[in-house]
Every structure is written in structure tokens, then in C-alpha cells.
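Structure record follows, encoded as C-alpha cells.
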Amino acid sequence: MTVMMRRYGGAPDLRAMQELTQRLWSLASPHHVGDLAWGRFMYTPDQADWPIALWEDRGRVIAWGWAQFPDDLRLQVDPTYPRLLDEVLDWLDELAAGNPREINPLDSQKEVQTALLRRGYRRQESGPYFAYHMRDLADLPAVVLPEGFTARAVAGEADLNQRVAVHRAAWNSTRVTTDSYRAVMAAWPYRPNLDWIVAAPDGRSVANCLIWCDDANKVGLIEPVGTHPEFRRLGLSRAVCLAALHALKDVGATTAIVCPRGDPAYPIPQRLYRSLGFRPYDRTRTYTGAGRR
Ligand SMILES: CC(C)(COP(=O)(O)OP(=O)(O)OC[C@H]1O[C@@H](n2cnc3c(N)ncnc32)[C@H](O)[C@@H]1OP(=O)(O)O)[C@@H](O)C(=O)NCCC(=O)NCCS
């Protein structure tokens with residue numbers, strides 16, 4: 001029997017979703033255990049309380065839905081339960097109550113796209129999208145830093161304030177806070193040895209790269225990367241990514257993935273990752289829905 005639960009996804013619910021995401025992971029998968037943790041915990045709970053639903057069969061999660069309206073609706077369905085796809089889409093449509101919404105399947109997810117078209121969603125041919133990139137970890141170049149700069153993994157709580165400060169400076173946003181980043185650090189599968197920062201000669205943290213490792217699939221997701229605006233174009237994000245990628249390889253992963261914007265309106269991150277040897281393998285497609293089925 002299939003059971004559906006609707007919840008406001010705290011850490012145990014997220015962990016249950018991640019089990020399915022890990023079990024299904026492949027290059028044809030839109031989700032990685034790390035993007036779920038980062039997406040849910042990067043902001044404080046008052047800004048991250050969108051509904052999550054889990055479908056279970058005999059205690060095992062077989063589908064989930066994530067309803068962050070209007071433009072971050074996610075879902076994942078075990079392909080051995082194909083009929084659940086419409087059930088999850090029903091749940092999202094019901095919550096939308098006729099309001100505009102957006103779902104972004106991978107280009108390779110033809111069955112999801114067919115279902116969305118059948119349900120009245122429309123495909124958008126322009127606008128933002130995410131370009132999925134991958135890199136084998138076998139042939140990583142060495143880390144090169146400008147004179148006086150150093151790279152190291154964070155030391156947990158002792159580095160919390162600096163870690164949050166560099167993220168806020170890079171993104172010009174105060175939404176990530178010490179409380180929210182503490183929750184990121186407590187989330188599975190965060191590891192401080194895959195969370196890297198670069199310090200300037202004066203000791204300030206000026207660049208960062210966090211990698212989330214899915215041990216079962218030996219694949220790490222880079223999310224996020226940033227460099228303080230005063231220190232850009234010095235090779236710091238390349239260096240901090242490479243330092244974190246070497247650490248990822250040291251913990252046994254064989255592949256890294258990253259999902260920057262692919263559209264011309266936000267081109268720089270994609271250039272950075274391609275300069276690091278990442279190559280594109282898939283992209284998101286945007287489907288917008290409005291009104292009831
Ligand atoms: C994207 C970002 C991390 C780049 O940081 P950075 O430290 O300036 O990047 P680097 O100096 O290491 O540059 C590495 C490569 O990226 C590309 N790149 C970086 N900045 C660029 C720019 N302004 N224009 C064109 N290419 C650029 C280049 O290929 C560069 O190599 P090159 O200098 O040898 O040509 C930084 O601009 C940033 O923090 N942006 C805001 C946060 C963000 O978008 N993060 C990425 C999200 S996925």
C-alpha cells in the first residue's frame with residue numbers, strides 16, 4: 001500500500017527525501033542529496049517552510065514533492081511507481097490553487113515534460129535555465145594561489161562568522177545568517193573538510209566553495225561558490241574550487257557536478273566551471289502553469 005504524508009520537512013523528513021534521491025542518483029537525475037540540504041537550510045526556517053510531501057511504500061520513500069512557490073517546485077518519483085508522477089503533480093497543482101507556477105525538469109526527463117504538457121503547462125523557450133556540468137576527478141590540476149593567500153577547510157563553529165561573512169559579501173545578500181549556516185553545517189551530508197575558504201594576506205576570508213558528497217554514488221555537488229567583490233578575477237574561486245575538489249577526491253569520490261545558470265544573462269559561473277574542466281551534460285527546461293487542470 002502507498003501512503004502519502006504532507007509535512008513541513010524538518011531534518012528527519014529531508015533525510016527521508018535524500019534517501020530516495022541517493023537511491024535514484026545518476027547523470028539523468030535532476031537532484032543530488034546536497035542540493036536538497038542546501039536549498040532547505042541555507043535560509044532560516046521562517047523563510048524555508050514550504051510544504052514537502054513524502055510518499056512511502058512499506059516504510060520506504062518512493063516519491064517526494066517540494067512546493068516552494070512560485071518557481072521552485074521539485075519532485076522525484078521512483079520509476080518503478082510511474083503512476084505516482086501524476087499524484088505528485090496533483091498535489092502541487094492543488095497547492096497552487098490556480099496561481100502561476102514553474103517546474104524545471106531536466107531536458108532528458110521526457111516523461112515529466114510529457115505529463116506537464118498534458119496537464120496544461122507551457123514550455124518556455126527563453127529565460128533562465130541551469131546547465132548541469134560534470135568533471136572526472138582523476139586528472140585534477142594543482143591549486144595555484146596568488147602570493148600571500150592561503151586555502152583551508154573550515155574548522156566548524158570557530159569559522160562560522162567568517163564563513164557567513166564571505167558568503168554574504170560574494171552574493172551581496174544578508175539572507176544567509178549564522179543561524180542558518182549552523183543548520184547547514186548540521187545537515188546531512190555536510191562535512192567541514194569539504195567546505196573550503198581562501199584567506200587574504202590580512203587574514204580575511206575572501207572566497208569559498210562548499211561541496212556535498214554523496215558517498216554511495218561517489219559524486220560531489222559544488223554548491224555554492226563565491227568570491228568577495230574586492231578580490232575577484234585573481235583566480236581565487238578557481239583555487240578554492242580546486243582545493244575542495246582535491247578534498248572530495250581524497251574522501252573517495254570519482255565525479256563532481258555543478259549546476260550554474262546556462263543562459264546568457266548570468267554567464268560568469270559557467271565560464272569559471274568550464275575553465276576548471278567541467279563539461280555540460282544536461283540542462284533544465286522551464287514549464288509554467290496557471291489555472292486548474
Ligand atoms: C563567479 C565568481 C565565483 C568568480 O570568482 P573569481 O574569484 O572572480 O573567479 P576567478 O578569478 O577564479 O576566475 C576563474 C575563471 O572564471 C572566469 N571568470 C571569472 N570572472 C569572470 C568575469 N568577470 N568575466 C569573464 N570570465 C570570468 C574566467 O574563465 C576565469 O579564468 P581567467 O581569469 O583565467 O580568464 C564570482 O564572480 C562570484 O562570487 N559571483 C557571485 C556568486 C556566484 O555567482 N557564484 C557562482 C554560482 S554557481
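The values are calculated or read from the model by the stated rules, or taken from the named source; none is laboratory data. None of these values were measured; they are calculated from a predicted model. Glycine also receives a Cβ, built like all others from the backbone with ideal geometry; neighbour counts cover every protein chain displayed. Heads up: the accessible areas ignore ligands, DNA and RNA and are worked out on the full protein's heavy atoms, side chains in. Shrake-Rupley method; radii C 1.70, N 1.55, O 1.52, S 1.80 Å.
General observations
- When the range 202-229 is filtered for residues that are more than 9 Å from the ligand (Cβ to nearest atom) and over 17 Å from the mean Cα position of the chain (by Cα), the ones remaining, listed by number, are D202, G203, R204, S205, A216.
- Residues in the range 182-192 that are of a type in the set (G, A, S) and open to solvent by less than 40 Å² (accessible area, probe 1.4 Å) were compared, and the one that is nearest to the chain's Cα centre (by Cα) is A187.
- Residues being over 16 Å from the mean Cα position of the chain (by Cα), part of a loop (DSSP other than H, G, I, E, B) and either in the same structural domain as P189 (by TED's automatic domain parsing) or buried (at least 18 other Cβ atoms within 10 Å of the Cβ) (or both) - total across the range 8-40: 1
- Filter result (basic (K, R) and either over 10 Å from F130 (Cβ atoms) or open to solvent by less than 30 Å² (accessible area, probe 1.4 Å) (or both)) within the range 260-276: R271, R274
- Flag for A170 being in contact with a strand residue (DSSP E or B) (Cβ under 8 Å, 6 or more places away or on another chain) and either within 16 Å of the ligand (Cβ to nearest atom) or open to solvent by 10 Å² or more (accessible area, probe 1.4 Å) (or both): yes
- Set R232, R238: member being within 8 Å of the ligand (Cβ to nearest atom), within 16 Å of C209 (Cα to Cα) and buried (at least 20 other Cβ atoms within 10 Å of the Cβ): R238
- Picking from residues in the range 241-267 that are more than 18 Å from the chain's Cα centre (by Cα) and closer than 26 Å to A165 by Cβ, the one that is farthest from the ligand (Cβ to nearest atom) is A247.
- Out of D202, D215, D179, D195, sole residue that is surrounded by fewer than 18 Cβ atoms within 10 Å (Cβ to Cβ) and within 20 Å of G252 (Cβ to Cβ): D215
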